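Data block below; observations after.
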Amino acid sequence: MARTVVAGNPIQVVLDMTDALKIGIAGLGTVGAALFQIVSSRHNLLADICGREITITAVCARDRSRDRGLNLDGVAWFDDPVVMARDADIDVLVELIGGEGDPAHAAATAALTAGRHVVTANKAMLARHGVELALLAESNGVLLNFEAAVAGGIPVIKAMRESLTGNAVTRIYGILNGTCNYILTRMQRDNMGFAECLAEAQRLGYAEADPAFDIEGNDTAHKLSILTSLAFGTQIAADEVYIEGITNISIDDIHAADELGYRIKLLGVSQRTATGIEQRVHPTMVPKGSMIAQVEGVTNAVTIEADILGELMLSGPGAGGDATASAVLGDIADIAKSRPGHQHAPALGRPADKLEPYTRAQIQSHEGGYFISLKVDDRAGVFASIATLMAKNDISLESIVQRARPSAAEAGPQTVILVTHATTESRVRAAVDAIKSEGYLSGEPQVIRIERTRES
């Protein structure tokens, strides 16, 4: 608590540090170590900003003997995060272990049950157990904060949970995985193939040794499901996200998109439709002139469309120790500034027991433009056949182009590129299946959705 002392003029405010906010950090990896250093080095500044001291009283990690460059004098060490969450002298558990299950889930549950606040960067845990944990936090009058779980250092959770109060969100979309954005940026900018770009991302530490979770779209899907719950007041439904990764994007697709005035991005998109909530993650063509097309490298970006505000785009570092630690610290500071007693701050924007059941939209009913690339035999009548089959499925073509070979004497299939006007997923799939049955295709067709932005 702060007490006021009059010492002449002006009035001076002296902080009573007996009311310090005591935190326990579970996980001392890149993010945990960065957070420890920031809290330690900016101790006085944080006290001034928050009106009370923030002090680390307990930590937990797998290897106590490892030298992390941290001064742990006076800090209690725990080998078991669940024990720390339940028994340590802490007010806040900072969960930085990762993984959707135990011990992260068990530790968070133990802390909330014991009446302790929880701050987490764990998107996988929230995607699986977020509603359950929110119910537990609210029933015990404590806070569950998770800014760092989505888009790293970008304050999108705070914006949606607080700043957009009263707005009806119509659509949210964005680049939510820095690894994929880095790969697609390098492919476009440096004319590199997918495998070469992935290897470079791994060398630089942007991609894991096993990158499947990122490049196949699962990481983005977890983050999108959390944003969907905040945007539309529904229960988190990570299993209901339509997912395509970027492994099938070729340099030819990158070139074709460029020639047509587009960039290819892996987007997570969520919007309310007549049949329910549509959640999808897939490679998407966006107009070159749009703001989302300018987001390059490991940067993340989220665009929110709402009825009162209009369109809001937030962009910044989506991962990394410092960016994630910054978001975690912001959540801790919010707790430090909160009034003592029972907290009335729904973790998912509205009370967890009032979240609507999730109703999945019929993805086949999705409407939009499509890019279709076909490798076809070079023979008469192919163009006419393709155009006819498109028309039979009520698909209007914006353009149909045959890409010239580098050499006129070069044999082999020709590439035909179609760009459709707005149509449905089911019509496109039916038309593509009909084209495949004609026998003049070489290889699988490439189908990429075109996402129109408000600027385009």
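Can you find a residue in region 233-255 that is surrounded by 22 or more Cβ atoms within 10 Å (Cβ to Cβ), more than 30 Å from Leu374 (Cα to Cα) and touching a Pro at 6+ places or on another chain (Cβ under 8 Å)? Checking region 233-255: at least one residue is surrounded by 22 or more Cβ atoms within 10 Å (Cβ to Cβ), more than 30 Å from Leu374 (Cα to Cα) and touching a Pro at 6+ places or on another chain (Cβ under 8 Å).
Scanning region 198-220 for residues that are surrounded by fewer than 20 Cβ atoms within 10 Å (Cβ to Cβ), over 14 Å from the mean Cα position of the chain (by Cα) and assigned to a helix (DSSP H, G or I) yields Ala199, Glu200, Gln202, Arg203, Ala212.
Return yes when Leu96 is in contact with a helix residue (DSSP H, G or I) (Cβ under 6 Å, 6 or more places away or on another chain) and not hydroxyl-bearing (Ser, Thr, Tyr) and no when it is not.
When the stated conditions are applied, Leu96 passes them.
When Ile304, Ile308, Ile335 are screened for being in the same structural domain as Val92 (by TED's automatic domain parsing) and either in contact (Cβ under 8 Å) with a residue 12 or more places away in the chain or surrounded by fewer than 22 Cβ atoms within 10 Å (Cβ to Cβ) (or both), only Ile335 passes.
Does at least one position in region 47-66 carry a residue that is modelled with pLDDT under 90 and within 21 Å of Val142 (Cα to Cα)? The answer is no; no qualifying residue exists.
The number of residues in region 226-266 that are under 14 Å from Ile450 (Cα atoms) and either in a helix (DSSP H, G or I) or of a type in the set (Phe, Trp, Tyr) (or both) comes to 6. When residues of region 74-99 are filtered for being among the acidic types (Asp, Glu) and either within 21 Å of Leu329 (Cα to Cα) or touching a residue at least 24 places away in the same chain (Cβ under 8 Å) (or both), how many remain? Summing the residues that are among the acidic types (Asp, Glu) and either within 21 Å of Leu329 (Cα to Cα) or touching a residue at least 24 places away in the same chain (Cβ under 8 Å) (or both) in region 74-99 gives 3. Taken over region 418-456, the criterion of being of a type outside the set (Ser, Thr, Tyr), loosely packed, with under 13 Cβ neighbours inside 10 Å and more than 21 Å from Gln271 (Cα to Cα) is satisfied by Asp433, Gly439, Gly443, Glu444.
Quick one: which residue in Arg42, Arg66, Arg52 is crowded, with 19+ Cβ neighbours inside 10 Å, of a type outside the set (Gly, Ala, Ser) and either free of Cβ contacts under 8 Å to residues at least 24 places away in the same chain or farther than 17 Å from Val118 by Cα (or both)? That would be Arg52, the only listed residue that is crowded, with 19+ Cβ neighbours inside 10 Å, of a type outside the set (Gly, Ala, Ser) and either free of Cβ contacts under 8 Å to residues at least 24 places away in the same chain or farther than 17 Å from Val118 by Cα (or both).
Among the residues examined, Ser290 does not qualify as modelled with pLDDT under 95, among the hydroxyl-bearing types (Ser, Thr, Tyr), out of contact with any Gly (no Cβ under 9 Å at 6 or more places or on another chain) and not assigned by TED's automatic domain parsing to the domain that holds Ile246.
Restricting attention to region 119-161 and to residues that are among the polar types (S, T, N, Q) and part of a loop (DSSP other than H, G, I, E, B), the residue that is nearest to Met313 (Cα to Cα) turns out to be Asn122. Checked against (1) in a helix (DSSP H, G or I); (2) in contact (Cβ under 8 Å) with a residue 40 or more places away in the chain; (3) within 23 Å of Thr359 (Cβ to Cβ), Arg171 passes all but a single condition, namely (1).
The values are calculated or read from the model by the stated rules, or taken from the named source; none is laboratory data. The shown structure was predicted, so the numbers you read here are calculated from the model rather than taken from an experiment. As a convention, Cβ positions derive from the backbone with ideal geometry for all residues, glycine included, and neighbour counts pool all protein chains shown.
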